[in-house]
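Just below is one structure, and these are the notes that go with it.
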Number of protein chains: 2
Amino acid sequence: MTGGGGTVGQLNVIRTVDGVRAAIAGWRRAGETVALIPTMGYLHEGHLALVDHGRRLCQRTVASLFVNPIQFGPTEDLDRYPRDEAGDRNKLQAAGCDLLYAPTVAEMYPPGFATGISVTGVSGGLCGAARPQMFGGVATVVTKLLLQTLPDVAVFGEKDYQQVLVIRRFVRDLDIPVRIEGAPTVREADGLALSSRNSYLTAAERGQAPVLFQTLTEAVGRLQEGGEVGPVLAEARARILAAGFSKLDYLELRDAETLEPLERTDRPGRLLVAAWLGRARLIDNVAVPEGKAQ
Amino acid sequence: MTGGGGTVGQLNVIRTVDGVRAAIAGWRRAGETVALIPTMGYLHEGHLALVDHGRRLCQRTVASLFVNPIQFGPTEDLDRYPRDEAGDRNKLQAAGCDLLYAPTVAEMYPPGFATGISVTGVSGGLCGAARPQMFGGVATVVTKLLLQTLPDVAVFGEKDYQQVLVIRRFVRDLDIPVRIEGAPTVREADGLALSSRNSYLTAAERGQAPVLFQTLTEAVGRLQEGGEVGPVLAEARARILAAGFSKLDYLELRDAETLEPLERTDRPGRLLVAAWLGRARLIDNVAVPEGKAQ
């Protein structure tokens with residue numbers, strides 16, 4: 001069951017669909033439950049919290065590592081996306097993960113591959129507007145990973161909030177028999193959301209980056225105190241640009257479930273942001289509870 | 001396990017995803033294998049041959065009956081598509097089928113449904129050109145049916161040859177863990193391929209309809225004798241129109257696996273036709289073996 005990559009004493013690495021199916025079938029025969037944690041690698045504490053989340057729900061956890069080319073646009077960072085499989089393997093082993101599934105691009109998209117999955121509604125706007133190919137690519141690769149492994153549960157981080165909603169949507173629509181779990185964002189002590197792309201930040205930029213989360217948190221506070229949505233968001237946008245971010249893709253208040261734009265806090269909302277700092281496009285989001293009547 | 005529709009002495013009918021999953025889970029616990037036969041109902045001997053095919057491969061067979069609205073275009077025959085669930089149920093029972101799964105449209109596409117599957121390559125041209133929404137609709141509904149039931153095998157008729165290739169393509173691409181079986185077209189004594197849409201034909205049209213298959217068969221004969229593809233196809237097209245068909249959507253020679261156009265019979269080919277006779281759009285296809293060098 002090593003699938004070509006296992007080494008004694010180290011976490012087993014499997015690179016083929018047949019291999020991961022055989023490993024999981026062995027667990028299934030023993031009556032064990034399975035959680036999948038899909039990742040693009042370069043793992044940090046946020047990913048390991050997802051593994052931990054999976055371990056609390058299931059007896060076995062599989063982490064997948066695949067930098068999915070079809071969710072990157074032609075001018076995006078596919079080629080420089082950070083990678084460290086050996087380090088990832090050690091971290092997963094220390095976190096108690098049972099298996100690393102790291103398929104090749106040729107295994108995932110062999111010649112002749114011709115199928116795409118698209119999701120309307122929750123995938124529109126926000127990152128779906130800034131990165132038009134992303135959610136189709138995410139839907140296609142996550143469907144493949146889920147159908148390759150057929151886990152009981154798959155765990156995704158709420159740092160990618162819109163992505164979690166897109167995944168819930170197509171999993172429900174296509175009747176993929178798996179439960180989707182969202183796990184809270186893990187943050188540095190200064191509030192910056194953990195992200196593999198934080199590695200793109202220079203030391204100076206790293207000092208500026210926490211403004212993103214601070215601004216979201218303050219905006220939520222003002223909304224809770226009865227502040228009007230339009231002015232609160234306008235001030236938040238200005239503050240982020242004033243703090244050294246070069247470009248704001250969006251900072252918006254949306255319905256927490258449908259992602260429809262919200263003009264008042266009369267329903268559970270989510271405040272979401274994407275902004276550029278140096279070479280890094282950083283995203284973050286926070287819950288906006290129902291506020292006072294306005 | 002009746003799912004709301006079972007009656008003693010009659011084939012069990014289930015209308016919900018949960019219901020069909022529970023029924024199949026019972027068989028799985030007993031170690032039984034399962035074949036799915038997806039249909040749009042109004043069953044004829046061609047469908048029952050698919051059930052028979054499934055019974056030879058698996059211990060249990062489930063036939064699904066669902067007239068899938070999203071694969072019909074706005075001007076197509078969704079509203080008048082023939083239906084006879086009671087008759088279908090009797091035929092399936094007589095054929096030894098174990099279960100009829102007949103979900104409602106609301107069960108398959110509840111409010112908020114927002115996901116689509118598209119397939120390029122084999123879905124282009126032929127019926128994909130004449131009915132631009134069809135194969136996306138087929139891919140989406142077949143994916144749902146396969147993931148609702150997770151059979152070992154699913155059986156489809158080769159009368160819809162391009163559809164079988166599209167299904168094989170996305171099943172492979174999405175890693176849906178099921179084996180796709182194509183079963184040969186069943187024909188009337190005079191050669192007409194069985195089809196629920198033959199019910200649209202008047203008695204006079206029914207008399208003209210066999211020209212479709214006769215023309216294909218003769219064209220294959222001429223190709224086998226060394227006839228040039230262009231002239232042979234041109235003559236076949238003319239003959240079908242001369243026999244009373246009002247319109248030809250296509251009559252083409254394609255590669256049997258990729259569906260790329262073939263200009264000579266130097267590879268295994270497929271001759272495919274779609275033509276209108278009265279209110280009925282009839283399709284058919286035949287194998288074209290590799291011919292003599294030209």
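Think of the axis that spins chain B onto A; the B residue whose C-beta lies nearest it, and the distance in whole Å, is B:ILE117, 3.
Note on A:134-143: average number of Cβ atoms from other chains within 10 Å of each residue's Cβ is 2. Projecting the Cα positions of A:ALA102, A:LEU146, A:LEU92 onto the charge dipole of the stretch A:37-167 (unit charges on Cβ atoms of Lys, Arg, Asp and Glu, taken about the Cα centre) puts A:LEU146 furthest along the positive direction. For the protein assembly as shown, the convex hull drawn through the C-alpha positions has a volume of 187 cubic angstrom per residue. Would you mind classifying the stretch B:13-183 by shape? Square roots of the alpha carbon gyration tensor eigenvalues, ordered a ≥ b ≥ c; an a/c under 1.5 is rounded, otherwise it is prolate if a/b is larger than b/c and oblate if not. Rounded is the answer for the stretch B:13-183, as its axis ratio a/c remains below 1.5. Distance between the C-alpha centers of the stretch A:247-276 and the stretch B:134-195? Whole Å please. What the calculation gives is 42 Å, centre to centre. Compute the acute angle (0 to 90°) between the alpha-carbon long axis of helix B:85-94 and the principal axis of greatest extent of the alpha-carbon atoms of chain B; round to the nearest 10°. Orientation of helix B:85-94: about 90 degrees from the principal axis.
Ranked for footprinting exposure by Cβ neighbours inside 10 Å, fewest first, B:HIS47, A:HIS44, A:HIS53 give A:HIS44, A:HIS53, B:HIS47. Cβ-to-Cβ counts within 10 Å put A:VAL51, A:VAL105, B:VAL155, B:VAL229 in ascending order as A:VAL105, B:VAL229, A:VAL51, B:VAL155, the fewest first.
Would you mind telling me which residue in B:THR115, B:THR33, B:THR217 has the biggest mean-square fluctuation in a Gaussian network model of chain B, where springs connect alpha carbons within a distance under 10 angstrom? Between B:THR115, B:THR33, B:THR217, it is B:THR115 that shows the largest mean-square fluctuation. Between helix B:229-242 and chain B there is an angle of about 70 degrees, using the helix long axis and the longest principal axis of the Cα atoms. Between A:ARG264 and B:LEU57, the distance separating the two model label sites (each 7 Å from Cα on the Cα→Cβ line) works out to 5.8 nm. Counted without the sites themselves, the longest stretch of chain B free of GluC sites (Glu not before Pro) in a DSSP loop having at most 15 other beta carbon atoms within 10 Å is B:77-187.
Label-point spacing at A:GLY9 relative to the other copies reads 7.3 nm, in ascending order, each point sitting 7 Å out from Cα along Cα→Cβ. Taking a ≥ b ≥ c as the square roots of the Cα gyration tensor eigenvalues, the stretch A:172-268 comes out oblate, since a/c reaches at least 1.5 and a/b does not exceed b/c. Roughly what angle does helix B:45-57 make with the longest principal axis of chain B, taking Cα atoms, 0 to 90 degrees, to the nearest 10? The two axes meet at around 60 degrees. In this assembly of identical copies, the label point of B:ASP266 (Cα plus 7 Å along Cα-to-Cβ) is separated from its counterparts by 7.1 nm, sorted shortest first.
For the stretch B:62-98, the list of trypsin sites (Lys or Arg not before Pro) that fall in a loop by DSSP and count at most 12 other C-beta atoms within 10 angstrom reads B:ARG80. Between identical copies, the spacing of A:PRO111 label points, each set 7 Å from Cα toward the C-beta atom, reads 5.0 nm from nearest to farthest. To the nearest 0.05, how large is the calculated FRET efficiency for B:LEU248 and A:GLU235 if R₀ is 60 Å and r is the Cβ-Cβ distance? After rounding, the FRET efficiency stands at 0.35.
Could you tell me whether the stretch B:10-62 comes out rounded, prolate or oblate from its Cα gyration tensor? Rule is a ≥ b ≥ c as square roots of the eigenvalues, rounded for a/c under 1.5, then prolate if a/b exceeds b/c, otherwise oblate. It is oblate, given that a/c is not under 1.5 and a/b is not larger than b/c.
Close Lys pairs in the protein assembly as shown, defined as Cα atoms under 23 Å apart and 8 or more places apart or on different chains, number 7. Rounded to the nearest 20, the size of the Cβ-charge dipole of the protein assembly as shown about its Cα centre is 540 debye, with Lys and Arg at +1 and Asp and Glu at -1. Of all beta bridges that DSSP places with both ends in chain A, some 55 percent have antiparallel geometry.
Laboratory data are not the source of any read-out in this text; all were calculated from the coordinates shown. Bear in mind the structure is a predicted one, so any value in this text is a computation, not a measurement. All Cβ positions, glycine included, derive from the backbone under ideal geometry; neighbour counts span all protein chains shown.
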